[in-house]
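Inspection log for the structure reproduced underneath, given as structure tokens.
The values are calculated or read from the model by the stated rules, or taken from the named source; none is laboratory data. From a predicted model like this one, the values you see are computed outputs, not experimental measurements. Cβ sites come from the backbone with ideal geometry, for glycine too, and all protein chains shown count toward neighbours. Side chains are part of the model used for accessible areas, which takes the heavy atoms of the whole protein and leaves out ligands, DNA and RNA. Shrake-Rupley method; radii C 1.70, N 1.55, O 1.52, S 1.80 Å.
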Amino acid sequence: MPQRQPTHILVVGAGAVGCFYASKLHHPDVGIFVSLVCRSNYQTIAAEGVQLKTRDFGEYHFTPHRVFASISDAGRGAPTAGPDGHGGWDYVIVTTKALPDRVDDAASVEHVVRQGSSPGTGTTIVLIQNGVGIEAPHRLRFPNNPIISCVTVISAEQVSHGIVVQNRWTRISLGPYSDGVGNEAQSASSSPSSTTTTLSNASTESMHLLQSWWARGGIKDAEPHSEKELQLIRWHKLTINASMNPSAVLSGGTGNADMVLLPELRMHIRGVMDEIFYLAPRILQVREGSFPEHLGLASAEKIIKSTERNKGAKPSMLLDWEAGRPMELEVILGNPVRMARERGLECPRLQSMYALLKAAQDRREEKGKDAKVGEGSKL
Ligand SMILES: NC(=O)c1ccc[n+]([C@@H]2O[C@H](COP(=O)([O-])OP(=O)(O)OC[C@H]3O[C@@H](n4cnc5c(N)ncnc54)[C@H](OP(=O)(O)O)[C@@H]3O)[C@@H](O)[C@H]2O)c1
Ligand SMILES: *[C@@H]1O[C@H](CO)[C@@H](O)[C@H](O)[C@H]1NC(C)=O
């Protein structure tokens with residue numbers, strides 16, 4: 001598949017991650033046009049674009065090709081058919097918070113995703129979200145479309161509408177997604193279906209283009225991977241996000257560095273990490289012992305050691321909890337717990353944290369509703 005000219009990319013979710021990576025992908029000089037779907041910040045970005053204040057690239061302005069107020073508007077405003085007869089968006093990049101208990105992202109993007117008519121065709125769906133199991137709903141709804149799964153290590157936030165600050169890091173790891181295990185490259189003997197192979201090849205091709213465009217934008221650590229490697233990287237990031245972040249909330253707002261310096265909490269954090277190191281190779285069907293070291297990923301002990309010095313910002317799960325927003329609980333705890341259970345694997349610490357936090361979130365929302373009813377009755 002040669003690069004289509006021009007290429008139209010739609011980013012759904014113009015928050016910190018969405019605006020930063022969109023700004024580094026937009027290259028009108030070579031026919032790559034990035035448009036944004038906004039929500040609460042629509043008025044500001046439609047009028048003024050995005051202002052970026054970055055550690056790695058200084059301060060700059062990003063004017064998207066087009067700006068939409070909703071996903072359905074972007075569906076109605078999709079590019080019209082070119083000489084090849086294909087209209088619609090070439091890439092749809094999802095950068096919303098992953099909240100499958102609230103919204104079905106795959107259903108939401110149906111307005112803007114051109115269904116593939118045969119394996120490996122249609123709009124390429126790109127997911128830049130935390131957690132695991134985020135791709136499955138898209139694969140189910142779009143059985144033929146190329147999917148690219150991305151894991152980012154960045155510290156960024158939208159400090160006010162249309163103003164995005166990148167504090168540090170730019171790393172984004174990319175991988176194709178066919179069935180979530182990606183055995184096709186590893187073993188010729190287990191001969192995967194030709195559909196899986198076609199999907200995997202098409203997704204890989206799209207991934208290399210995307211990676212090269214980010215590199216062109218200056219993201220030096222946009223790194224392509226195989227499907228299995230990328231999933232291992234996802235699970236590896238979970239050793240931090242599933243251990244520290246729920247614990248930060250459940251311990252009444254203790255920061256990461258403080259947690260690992262308290263002996264009892266350090267033991268708990270280590271216990272959660274060990275559960276993930278136990279689950280990941282079994283779920284992803286890799287030989288035990290080959291994870292995490294063969295990918296150059298840090299061990300539990302190394303992560304804990306480096307956390308001691310990281311008296312940094314609060315994890316976003318804690319910020320979400322404190323602000324009364326829904327937490328990314330299902331993709332960080334719920335999905336790993338369910339994936340383990342389906343395979344008869346134990347992860348008691350993850351399961352306990354999931355049960356406790358989910359109940360805490362539900363109770364708080366009930367109270368919120370009561371408070372609103374109370375307010376209403378006063379009027
Ligand atoms: N920020 C980081 O440093 C960082 C680092 C690594 C990974 N991540 C992950 O990256 C993902 C995105 O995080 P983020 O920090 O960029 O979140 P964010 O700043 O909250 O951005 C999400 C954006 O999506 C918008 N949105 C949600 N639903 C929408 C819809 N239906 N239509 C249009 N827009 C919609 C939100 O609009 P509203 O403002 O209207 O809600 C918000 O602007 C998360 O999975 C996060 O865990 C973030
Ligand atoms: C995941 O962990 C990183 C590193 O501690 C943190 O910056 C980020 O906010 C975390 N994400 C969530 C959802 O808590």
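Laid out as a table, the results:
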{"item": "Qualifying position, being within 13 Å of ligand 1 (Cβ to nearest atom), open to solvent by 70 Å² or more (accessible area, probe 1.4 Å) and among the small types (Gly, Ala, Ser), among Ser35, Ser72, Ser40", "result": "Ser40"}
{"item": "Residue within the stretch 52-59 that is under 17 Å from Ala74 (Cβ atoms), under 22 Å from the mean Cα position of the chain (by Cα) and within 14 Å of ligand 1 (Cβ to nearest atom) present", "result": "no"}
{"item": "Output for the stretch 324-338, where each listed residue is open to solvent by less than 40 Å² (accessible area, probe 1.4 Å) and assigned to a helix (DSSP H, G or I)", "result": "Leu329, Glu330, Val331, Ile332, Leu333, Gly334, Asn335, Pro336, Val337"}
{"item": "Condition check for Ala98: open to solvent by less than 10 Å² (accessible area, probe 1.4 Å) and within 16 Å of ligand 2 (Cβ to nearest atom)", "result": "yes"}
{"item": "Boolean, Leu356 is in a helix (DSSP H, G or I), at pLDDT 95 or above, closer than 27 Å to Leu230 by Cβ and more than 16 Å from ligand 1 (Cβ to nearest atom)", "result": "no"}
{"item": "Any hit, the stretch 166-181, residues being among the aliphatic types (A, V, I, L, M), open to solvent by 10 Å² or more (accessible area, probe 1.4 Å), in the same structural domain as Gly15 (by TED's automatic domain parsing) and at pLDDT below 95", "result": "yes"}
{"item": "Residue within the stretch 54-61 that is without any contact (Cβ under 8 Å) to a residue 12 or more places away in the chain, open to solvent by less than 50 Å² (accessible area, probe 1.4 Å) and either closer than 20 Å to Val126 by Cβ or not aromatic (Phe, Trp, Tyr) (or both) present", "result": "yes"}
{"item": "Filtered residues of the stretch 294-309 (kept if under 20 Å from Ile233 (Cβ atoms) and part of a loop (DSSP other than H, G, I, E, B))", "result": "Gly296, Leu297, Ala298, Ser299"}
{"item": "Test result for Ile148, more than 13 Å from ligand 1 (Cβ to nearest atom), within 30 Å of Tyr60 (Cα to Cα) and surrounded by 18 or more Cβ atoms within 10 Å (Cβ to Cβ)", "result": "yes"}
{"item": "Matching entry among Ile154, Ile134 (being hydrophobic (A, V, I, L, M, F, W, C), within 11 Å of ligand 1 (Cβ to nearest atom) and not in a strand (DSSP E or B))", "result": "Ile134"}
{"item": "Odd one out for Leu261 among (1) of a type in the set (A, V, I, L, M, F, W, C); (2) over 29 Å from Ile125 (Cα atoms); (3) open to solvent by less than 10 Å² (accessible area, probe 1.4 Å)", "result": "(3)"}
{"item": "Pairs, first not assigned by TED's automatic domain parsing to the domain that holds Ala156 in the stretch 110-131, second within 12 Å of ligand 1 (Cβ to nearest atom) and modelled with pLDDT of 95 or more, C-beta under 9 Å, six or more apart", "result": "none"}
{"item": "Matching residues in the stretch 275-323 - criterion: being aromatic (Phe, Trp, Tyr), away from ligand 1 (no atom under 16 Å from the Cβ) and open to solvent by less than 70 Å² (accessible area, probe 1.4 Å)", "result": "Phe277, Phe291"}
